[in-house]
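The values are calculated or read from the model by the stated rules, or taken from the named source; none is laboratory data. Everything numeric here is computed off the predicted structure, so don't read it as measured data. No Cβ is skipped: glycine too gets one built from the backbone with ideal geometry, and neighbour counts run over all protein chains shown. Surface accessibility is based on the protein's heavy atoms, side chains included, excluding ligands, DNA and RNA. Shrake-Rupley method; radii C 1.70, N 1.55, O 1.52, S 1.80 Å.
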Amino acid sequence: MSPLVRTIAASLAAVAGSQLCHANFISDTTFNDSDWFVHESYFLNPGSSSAASQSAGGGFTGNARVVQNSISPGGGIYSINIYSAYTWSASAAITDLTMSIQAASLSSLQAFGFAVEQGGKYWLAGYQLTTPSYAAYTLSITGADFGTPFGVDPSSQPANPDFSGAGAPIRFGFYTGNSSTIAPYSTAAAYSDFTVSFVPAPSAAGALAIAALGARRRRR
């Protein structure tokens, strides 16, 4: 192998290796109100509402985000809380995605799970019920595991978010959900220790470098 080819191969290997090994890790235990926003997704009868805010010192670690859902008779709501302080630019496909959160019921139960926002559309994944004290909920998921919220017209958006490198920017978060068959009610729960980790897949250049190096090794 000539010195020039060796240098090019080493540079491509470094690029590919960095893309293969570098994991993105997002974590929030502060829950500043300015870092989060709520998207309300209604189903069944209208009239339900949601509100969320920071609870200083109320988290499993640090602060918490307290979500309050008020449910109208025969109605339902998803309170979709998105962490706006971080956006994945979709410069590479998302692989090995794991999301985790601590949740505790403050009054009555809330269903909860994880959420992503992409291009102003929302998708949900996982389903759990809050417990009286904090409990951790962790899910390893792919884009195909996220689905359209119940009550959203499925023709209004793709069935799943686009986790490829060609997709629009993505933001992560969690959702809570409540519904009523007859009577109105209100519920509150605290959410803490929100984390997201994923590994960007190699770009086309990185994949080409890996293939070229593999071919060169085989010829040798």
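For I94, neighbours were defined as the other residues whose beta-carbon sits under 15 Å from its Cβ, and their charges (Lys and Arg +1, Asp and Glu -1) total -3. Distances between placed amide hydrogens fall under 5 Å for Y185 paired with I71, all partners being 5 or more residues away or on another chain. In order along region 72-82, the phi-based Karplus estimate (6.51 cos²θ - 1.76 cosθ + 1.60, θ = phi - 60°) of 3J(HN,Hα) comes to 7, x, x, x, x, 8, 9, 9, 9, 9, 10 Hz; Gly and Pro are listed as x.
Quote the FRET efficiency, to the nearest 0.05, computed for S27 versus A135 with a Förster distance R0 of 25 Å and r equal to the Cβ-Cβ distance.
The value I calculate is 0.85.
What region 145-204 shows is 41 Å² of accessible area per residue, with the surface traced by a 1.4 Å probe over protein heavy atoms. Annotation note: chymotrypsin sites (Phe, Trp or Tyr not before Pro) in region 31-120 located in DSSP loop regions with a Cβ neighbour count of at most 16 within 10 Å are Y86. For T142 and S186, the FRET efficiency from 1/(1 + (r/R0)^6), where r spans their Cβ atoms and R0 equals 35 Å, is about 0.50.
Other residues lying with their Cβ under 12 Å from the Cβ of Q54 contribute a combined charge of -2, Lys and Arg counting +1, Asp and Glu -1. Amide H contacts for G165 (H built 1.01 Å from N in the peptide plane; partners 5 or more residues away or on another chain; cut-off under 5 Å): A93.
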